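I have placed the structure first, in the form of structure tokens, so that the comments after it can refer back to it.
What follows draws every value from the coordinates through simple rules; no lab data is involved. Worth saying up front: this structure is predicted, and the values here are computed from it rather than measured. Glycine gets a Cβ as well: all are built from the backbone with ideal geometry, and neighbour counts include every protein chain shown.
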Amino acid sequence: MDFKENLSEHIKNMEKFKEMKFNEEQTKMALIIPFIKTLGYDVYNPLEVIPEYISDIGEKKGEKVDYAISLENQIELLIETKPMCDNLINHDIQLTRYFNVTNSKIGILTNGIIYKFFTDLEETNRMDSKPFLEINLFEISESQILELKKFHKKNFDINIILSSAEILKYSNGIKRYLFKQLETPEDDFVKLLMKEVYDRKITQNRLEEFREIVSMSFKVFINENIRKKLENALEQNREQEARQTEEINELPDSEIVTTEDEKEAFYIVKSILGKMTDIENITYKDTKSYFGILYQNNTRKWICRIIFNENDIVVVMPTFEQKNGKMIEEKIKIESLQELYNLEDKFIKVVGKFIEN
């Protein structure tokens with residue numbers, strides 16, 4: 001099994017202990033040692049996973065951190081554990097003492113469910129007061145799994161971990177701040193936004209009024225962006241389903257004969273677009289129901305679809321406008337292929353859109 005599968009198995013095993021009130025030793029045995037094992041370390045090798053690691057602090061001798069993990073005779077991780085039901089508040093002070101007298105760059109505080117990862121971004125060799133990464137195994141996200149994977153024995157590279165730690169710490173801090181403002185915008189945050197849209201003097205009454213406006217606007221902004229992403233995802237699904245339907249309806253290539261008229265249409269469009277892109281980017285795909293001219297041989301980037309009827313020719317072109325989650329198509333009837341030259345601006349607009357994107 002790979003790391004993600006092993007981690008999922010560990011979390012699944014944790015579920016049966018979810019309602020338990022384990023003390024510290026029980027927490028170590030049931031939750032923390034299996035977690036260390038999941039990270040690929042040999043829990044049965046006291047030279048690699050060192051329990052009760054002694055880290056003397058000044059005149060205080062015999063101070064012990066619960067676990068130290070050693071790689072190539074170098075202490076890389078310090079793990080301070082607390083009982084499963086502990087909220088981990090203020091215990092980082094104890095971990096700080098151990099961190100400051102060892103060569104380890106990573107300190108972990110955990111109750112077996114929540115893991116807080118610390119380093120020394122603010123002042124060298126002095127552990128930061130805030131973690132750069134905090135993970136609740138019962139609520140772990142895909143991005144957190146990727147970060148946790150960096151601590152696996154096979155992947156462990158302290159330079160990579162530290163380079164991402166700074167980004168994680170500050171990006172997580174920004175997200176926490178924005179989430180807080182989403183729920184209850186602070187005065188400074190409201191004033192910052194007011195300065196962008198409000199030209200008069202900011203009074204306390206107006207500040208309170210704007211607080212509601214900011215909170216509402218923030219939520220609308222987030223909801224609209226989520227909706228747009230969902231609509232784009234749905235549109236992509238519809239396009240994929242449409243392509244699959246077309247492929248099902250198409251005859252095998254050996255049964256489709258590209259006519260001289262279709263070839264002539266292709267050469268006309270190709271000559272029109274040769275002035276704005278490499279002519280090799282213009283290709284075609286002949287199907288049972290229409291003759292398609294493509295950009296970069298991509299069926300999602302179709303320039304036009306030409307349908308040859310008995311009495312006329314229909315040129316179908318994308319407009320890139322949406323209605324009910326579906327792209328609107330423009331249909332133009334022409335009587336002869338020479339009239340394709342009259343559509344030059346439309347062809348150029350379509351390809352220009354593809355190049356722009």
Report summary line: Full extension between Ile226 and Asn103 adds, at 0.36 nm per residue less the Cα distance, a length in nm of 39.8 nm
Query raised in the report: Can you give the convex hull volume per residue for the Cα atoms of region 86-212, as a whole number of Å³?
Result: 164
Requested in this report: Provide the net charge surrounding Val49, with neighbours chosen by a C-beta distance below 12 Å and charges set as Lys +1, Arg +1, Asp -1, Glu -1.
Outcome: -2
Query raised in the report: log10 I(q)/I(0), Debye, Cα-only the chain, no solvent, q = 0.06, 0.07, 0.08, 0.11 Å⁻¹?
Result: -0.47, -0.60, -0.71, -0.88
Report summary line: Placing each pseudo-label 7 Å from Cα in the direction of the beta carbon, Lys331 and Phe179 end up separated by a distance in nanometres of 5.1
Query - Highest-MSF residue in the chain out of Gly274, Gly173, Gly40 [GNM, Cα springs under 10 Å] - result: Gly274
Query - Residue of Glu339, Glu25, Glu48 that the Gaussian network model of the chain assigns the largest fluctuation, springs spanning Cα pairs under 10 Å - result: Glu339
Query - Nitroxide proxy distance, nm - points 7 Å out along Cα→Cβ at Glu122 and Lys288 - result: 6.9
Query raised in the report: So how compact is region 153-192: Cα radius of gyration and Dmax in angstrom?
Result: 15.7, 49
**Report entry** Over region 1-155, equivalent-ellipsoid semi-axes from the Cα gyration tensor in Å
**Finding:** 24, 17, 16
Requested in this report: Could you check which residue among Ile213, Ile160, Ile279 shows the biggest mean-square fluctuation in a GNM of the chain with a 10 Å Cα cutoff?
Outcome: Ile279
Query raised in the report: Distance in nm between label sites at Asp187 and Ser143, each 7 Å beyond Cα in the beta-carbon direction?
Result: 3.2
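If we count every other residue with Cβ under 12 angstrom of Ser104's Cβ, Lys/Arg +1 and Asp/Glu -1, where does the sum land? Write out the running numbers ahead of the final one.
Values: positive: Lys105; negative: Glu76, Glu80, Asp120.
Local charge sum for Ser104: -2.
Send over the Kirkwood Rh of region 257-356, from the inverse of the averaged 1/r over different Cα pairs, rounded to one decimal Å. Walk me through the numbers on the way to the answer.
Details: mean 1/r = 0.0729 Å⁻¹.
Answer for region 257-356: a Kirkwood hydrodynamic radius of 13.7 Å.
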Requested in this report: Based on other C-beta atoms within 10 Å, arrange Cys85, Cys304 from fewest to most.
Outcome: Cys85, Cys304
